[in-house]
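What follows is a set of notes on a single structure, which appears directly below.
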């Protein structure tokens, strides 16, 4: 991270984390939010998403507030459902702009998922710095559309696909929550089992994990 980026991260910030919907997007966002809060106690972090049950439960447990926007996914739906979802986008962008104003946002971190789109677009329109976190080697459609608007794109893998300008790309790895890191620091002889799940159409761990 450049010196200017590092100094910005240490001063008090009003940060909006946009997106979620699934654990693969949400939990890295919680890890990033926890880091901002830990670096400066005066920083404030607000999550903005669609308000799905997973988001509400995980964010309440982590202690972060959330505001919601009326938005739906488009991919994998029928024609009329896609049209209805698309018609909600202008209103979601307008609502997001109001939320960013209320939060006095200094920075927007988009973590993926369809609910990140309107918030990120509103940030770009308002001139608020926008950064993306991409957890997968094959980015989802929302992040692919947002790549040109972002000031920085933090990826987990150097071979992440997509048209990411070289000067924007930063290989940072996937943000991990502190309790997971602490689980690795166990007394000798104590065993810890880690289970990893996959994105998109994954049904769960492969059978070989049990062998």
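The values are calculated or read from the model by the stated rules, or taken from the named source; none is laboratory data. Since the model is a prediction, treat every value here as computed from it, not as a measurement. When we count neighbours, we look across all protein chains shown, and the Cβ atoms used for this are built from the backbone with ideal geometry, even at glycine.
Structure notes:
- Test result for residue 121, modelled with pLDDT of 95 or more, closer than 20 Å to residue 47 by Cβ and either touching a strand residue (DSSP E or B) at 6+ places or on another chain (Cβ under 7 Å) or surrounded by 12 or more Cβ atoms within 10 Å (Cβ to Cβ) (or both): yes
- Subset of the stretch 74-105 (residues that are touching a residue at least 60 places away in the same chain (Cβ under 8 Å) and either exposed (fewer than 13 other Cβ atoms within 10 Å of the Cβ) or on the phi > 0 side of the Ramachandran plot (or both)): 75, 104
- Residue count for the stretch 149-186 satisfying the condition of being modelled with pLDDT under 70 and outside any helix (DSSP H, G or I): 6.
- Selection status of residue 104, modelled with pLDDT of 90 or more and touching a strand residue (DSSP E or B) at 6+ places or on another chain (Cβ under 7 Å): yes
- Matching entry among 82, 56 (being under 16 Å from the mean Cα position of the chain (by Cα) and in a helix (DSSP H, G or I)): 56
- Failed item, numbered, when residue 77 is tested on (1) farther than 14 Å from residue 27 by Cα; (2) assigned to a loop (DSSP other than H, G, I, E, B); (3) in contact with a strand residue (DSSP E or B) (Cβ under 8 Å, 6 or more places away or on another chain): (3)
- Single residue of the stretch 58-73 satisfying the filter (more than 17 Å from residue 110 (Cβ to Cβ) and surrounded by 11 or more Cβ atoms within 10 Å (Cβ to Cβ)) that is modelled with the lowest pLDDT: 72
- Residue in the stretch 9-21 that is at pLDDT 90 or above, over 13 Å from the mean Cα position of the chain (by Cα) and either surrounded by 14 or more Cβ atoms within 10 Å (Cβ to Cβ) or within 13 Å of residue 119 (Cβ to Cβ) (or both) present: yes
- When the stretch 24-45 is filtered for residues that are in a strand (DSSP E or B) and surrounded by fewer than 21 Cβ atoms within 10 Å (Cβ to Cβ), only 44 remains.
- Qualifying residue in the stretch 59-66 (condition: without any contact (Cβ under 8 Å) to a residue 40 or more places away in the chain, closer than 21 Å to residue 169 by Cα, in contact with a strand residue (DSSP E or B) (Cβ under 9 Å, 6 or more places away or on another chain) and in a helix (DSSP H, G or I)): no
- Test result for residue 108, closer than 12 Å to residue 49 by Cβ and touching a residue at least 60 places away in the same chain (Cβ under 8 Å): no
- Boolean, residue 77 is modelled with pLDDT under 90, in contact with a helix residue (DSSP H, G or I) (Cβ under 9 Å, 6 or more places away or on another chain) and more than 22 Å from residue 134 (Cβ to Cβ): yes
- Qualifying residue in the stretch 125-148 (condition: within 19 Å of residue 13 (Cα to Cα) and assigned to a helix (DSSP H, G or I)): yes
- Considering residues of the stretch 124-135 that are touching a helix residue (DSSP H, G or I) at 6+ places or on another chain (Cβ under 8 Å) and closer than 22 Å to residue 173 by Cβ only, the residue surrounded by the fewest Cβ atoms within 10 Å (Cβ to Cβ): 129
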